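Take a look at the structure below.
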Amino acid sequence: MFSQFNCKFMEDYMFNRQKKHSHSILNFFVCLLFTANVMAQSSGKVNIAVMNLEAPDVSSSAQLALSDRLRVELFNTGRFSVMERNQMQDILKEQGFQQTGCTTNECVVEAGRLLGVDRMIAGSVGKVGTIYTVSLRMIDIETGRIMLTKTEDCNCPIEEVLTTSLKNIALKIAGMTSDAAEQPVVRRETVVGEGDFYFTSMPSGAKVYVDDKLLPGTTPLMEEGVAAGTHQIRMEKGYYSGIQTVFLEPNEFKKVELTLVKAKGGLKILSTPFEANIFLDNKPLGLSPQTLTGLDAGEHILKLTKPGYLDLEEVVTIAGDEIKRISIPLEKIKPAKLNITSQPPHCDVYLNNQLQGKTPLAVHDLMPGMVSVKVAHPMFEDWQQTLNLKNGEIRTIEPTLNKRTGNLIIKSDPPSADVLIDGAMQGQTPLTLSGIEYGTHDVVISKTNYQSQQQKIELVSAEPKTISAHLIPAKAKLSLTGAPAGAEIWLNNSSTGRLPLTNYEIDDGDYNIKVKAAGYESFTEAIHVSPNEFKTISVQLNPKSRGKALLRSFFIPGLGQGYQEKKGKAVLFPLMEIGAIVGVYLFNDKYNTAISDYNSARDAYSSAVDQSDIDGYYLQMEASYNDIESAEKMRTIFIGAAVGVWLWNVLDAALFGPATDQQQAMGKADVHKLKLYSDYKNGSGRIGVCYGF
């Protein structure tokens with residue numbers, strides 16, 4: 001995707017570092033090589049180059065043979081894209097770079113940058129006695145840090161180092177050996193027989209690979225008839241995966257459970273020019289070039305910005321366990337030009353709401369991107385359009401403006417009213433009219449049973465003009481007659497007057513009428529009135545019944561008084577009854593406690609032997625007995641009080657009728673004098689109520 005740019009980037013990069021003039025043919029060759037490296041990176045392999053091994057104890061020809069064999073073994077791991085030795089020599093020679101004696105990390109990093117690879121492999125083959133030691137280190141070119149080091153010892157001839165040791169250390173570098181710091185290599189053990197697997201995963205629905213072979217279906221999954229022995233189990237779902245090595249015994253039913261973990265990857269971001277601002281998923285991450293690691297696998301939004309260059313934004317997909325290399329060319333900003341002619345001419349031109357002049361007009365030095373264009377004339381409708389100007393584009397537009405007319409939005413409350421404009425019927429509200437010429441117009445809004453409204457409107461702008469009319473309906477008249485005179489009248493929970501009520505004007509609609517008077521049952525009725533309607537209602541309130549009050553007070557003290565609208569007694573009686581019941585409960589509890597104390601003292605008295613104990617327990621029994629008598633007396637008093645309040649409440653409801661409006665107005669309702677008294681002394685007490693009629 002970025003092959004063309006990668007060639008240019010490599011040429012520029014080489015040019016900046018070259019120590020002598022580059023040849024165009026070799027530059028073209030390097031471009032093709034660099035493009036191949038990018039393709040290898042996108043496939044998940046890491047681009048590496050291998051420096052010739054330092055081997056002072058072997059001949060120069062053996063040294064080259066060992067170095068070339070290491071390149072082959074690294075390539076055979078399938079983890080790396082390895083640059084050939086001849087290609088390395090040509091590029092480094094062209095740049096005047098001396099490979100011989102390049103053993104320091106700084107020198108190796110410099111070579112890696114010239115070669116355009118991600119990592120460099122350098123090392124040596126040494127000999128102590130009969131033991132050969134192969135030492136390798138992998139260096140990250142971006143950071144200049146050593147990523148890992150590996151060694152392989154062999155008490156063997158140099159031929160076995162070539163055939164075996166180099167292969168082993170290549171596997172270690174690739175992370176494919178049984179080294180203690182690496183993932184164990186799956187070793188197949190020959191076992192006779194078969195077994196069965198049951199696979200589950202969290203989350204479920206994962207693909208299952210057994211020894212890199214994909215099984216049909218997803219977890220939970222059953223696989224029967226699997227050869228006994230060691231197997232590598234891998235499960236994948238989207239960007240989540242898990243791996244485990246298991247041993248299956250003959251005839252075994254083995255359950256394999258894996259918790260899948262989201263894979264991590266990275267991005268190696270290069271740009272031309274360097275030092276572009278990097279944003280990943282709208283998060284600023286510094287300047288390019290840069291390697292970002294520890295990123296969640298999946299899609300991300302990558303954005304590069306740099307002053308003087310066009311912003312670049314694209315979606316990148318990161319695979320797990322790889323660092324994806326991306327090279328992005330940023331395009332320099334080239335001003336755009338916009339030529340505007342209009343019909344009619346001499347229209348105002350606005351770009352992004354800023355006045356630029358009148359048509360015909362040429363606007364230079366516009367930034368590429370979205371630009372809002374408006375062409376306006378007092379007698380014509382505005383012409384507006386959003387253009388996407390490309391980098392360095394010259395564009396010409398020729399808008400034609402339509403003659404201006406106005407819009408009317410007409411609303412009424414209630415709707416469905418007739419609308420006439422200049423005597424012509426237009427429709428019913430709500431109504432939106434377009435194409436109305438500028439000027440003065442007569443607007444009439446009318447509806448049956450409502451008063452008509454007439455307005456003169458002036459239409460002078462392109463903005464829609466809204467007319468709102470609140471039509472007033474004709475009034476209805478309500479009269480109420482009956483008894484008792486002076487009863488209060490409520491319409492829809494609002495006090496309206498007192499009986500009798502004559503020709504009271506109200507709007508049409510639904511109403512709830514309530515008539516009430518103290519000492520009488522309330523009267524309620526729902527009515528509907530229409531405009532111009534005369535409505536008369538006869539009301540006769542019935543006095544409240546003492547029998548109903550008695551029945552209410554019989555079950556709940558004070559409830560009958562509430563019915564009779566005796567507000568003081570309606571609160572007094574339940575409070576007194578509750579107080580008496582609470583007193584009964586408290587002294588009953590005290591009574592039971594005293595009995596318990598008495599029984600305990602009596603039992604102790606019966607079992608006492610010592611005379612002092614006998615005398616002490618006897619005194620306790622005597623004190624407890626006195627407490628029993630005191631608590632029993634008070635309990636009896638409160639029981640009497642509870643019964644007395646209940647009887648008083650019932651008699652009051654039966655003998656005394658409800659308070660009337662006249663009594664309430666004169667302040668004579670609930671004026672009886674009430675006095676409560678209680679006394680408790682020396683283990684005895686009393687409670688009393690004095691009520692004056």
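Note on Glu275 and Lys548: the model spin-label points, each 7 Å out from Cα along the C-beta direction, lie 9.4 nm apart. Of all complete DSSP H helices in the chain, those with a Cα span along the helix axis of 30 Å or greater and a mean Kyte-Doolittle hydropathy of 0.0 or more are 567-607, 611-655.
Under 5 Å from the amide H of Glu54 lie the amide H atoms of Gly123, Ser124, Val125, each residue being 5 or more positions distant or on a separate chain, with H modelled from the backbone and absent for Pro and chain starts.
Give me the net charge of Ser165's neighbourhood, meaning all other residues with Cβ under 9 Å from the Cβ of Ser165; Lys, Arg count +1, Asp, Glu -1. Within the 9 Å Cβ shell, the charges total -2.
Look at Leu541, Leu64 and count the other Cβ atoms within 10 Å of each Cβ; fewest to most, that gives Leu64, Leu541. Taking amide H atoms as placed 1.01 Å from N in the peptide plane, the amide H of Gly392 lies under 5 Å from those of Lys334, Ala336, each 5 or more residues away in sequence or on another chain.
By DSSP, the beta bridges lying fully in the chain are antiparallel in about 75 percent of cases.
Placing unit charges on the Cβ atoms of the charged side chains and taking the dipole of the stretch 406-470 about its Cα centre, the candidate lying farthest along the positive direction among Thr448, Ile421, Ile467 is Thr448. Projecting label points 7 angstrom from Cα along Cα→Cβ for Ser495 and Asn339 puts them 8.4 nm apart. Considering only Cα atoms, the convex hull volume of the stretch 363-520 works out to 190 Å³ per residue.
Using a simple spin-label model with pseudo-atoms 7 Å out from Cα toward Cβ, Met147 and Val315 lie 2.9 nm apart. Average 1/r across all pairs of distinct alpha carbons in the stretch 66-138, invert it, and you get the Kirkwood radius: 13.5 Å.
Gain on full extension, evaluated as 0.36 nm per residue between Thr400 and Glu159 minus their Cα-Cα distance, stands at 78.0 nm. Using C-alpha pairs below 8 Å separated by at least 6 residues, the relative contact order for the stretch 476-543 is 40 percent. By the count of neighbouring beta-carbon atoms within 10 Å, fewest first, His364, His300 end up ordered His364, His300.
In this calculation the C-beta distance from Tyr625 to Leu575 is compared with R0 = 41 Å, giving a FRET efficiency of 0.75. Pairwise inverse Cα distances across the stretch 264-329, averaged and inverted, put the Kirkwood hydrodynamic radius at 11.7 Å.
The orientation-averaged projection of the convex hull spanning the C-alpha atoms of the stretch 476-543 amounts to 3.8 square nanometres. Bridging of Lys167 to lysines at a Cα separation below 25 Å is possible for Lys45, Lys127, Lys150, once same-chain residues fewer than 8 apart are set aside. For GluC sites (Glu not before Pro), the sites in the stretch 333-439 that DSSP calls loop and that have at most 14 other Cβ atoms within 10 Å are Glu437. Across the chain, C-alpha contacts under 8 Å between residues 6 or more apart give a mean separation that, scaled by the residue count, equals a relative contact order of 5 percent. Around the Cα centre of the chain, unit charges on the Cβ atoms of Lys, Arg, Asp and Glu (plus for the first two, minus for the last two) sum to a dipole of about 1780 debye.
Taking the Cα centre of the stretch 476-543 as reference, the dipole from Cβ charges on Lys and Arg (+1) and Asp and Glu (-1) amounts to some 240 debye.
The Rg/Rh ratio for the stretch 308-452 is 1.28, where Rg is the radius of gyration of the alpha carbons and Rh is the Kirkwood radius.
In terms of other Cβ atoms within 10 Å, Cys347, Cys107, Cys156 run from fewest to most in the order Cys156, Cys107, Cys347. Ellipsoid semi-axes for the stretch 194-262, based on the Cα gyration tensor and the rule √(5λ), read 20, 11, 10 Å when sorted largest first.
A cut-off of 5 Å between modelled amide H atoms, ignoring neighbours fewer than 5 places along the same chain, links Ala487 with Leu499.
Residues in the stretch 507-517 carry Karplus couplings, in order, of 6, 5, x, 9, 9, 10, 9, 9, 10, 9, 8 Hz; the curve used is 6.51 cos²θ - 1.76 cosθ + 1.60 with θ = phi - 60°, and Gly or Pro positions show x. Over all other residues within a Cβ to Cβ distance under 11 Å of Lys237, the charged ones net out to +1, with Lys and Arg as +1 and Asp and Glu as -1. For Ser59 and Lys254, a Förster radius of 51 Å and the Cβ-Cβ distance give a FRET efficiency of 0.40, rounded to the nearest 0.05.
No value in this document is a laboratory result; all are computed from the given coordinates. A quick note: this is a predicted structure, and the numbers were derived from the prediction, not measured. Using ideal geometry, Cβ is built from the backbone for each residue, glycine included, and neighbour counts are taken over all protein chains shown.
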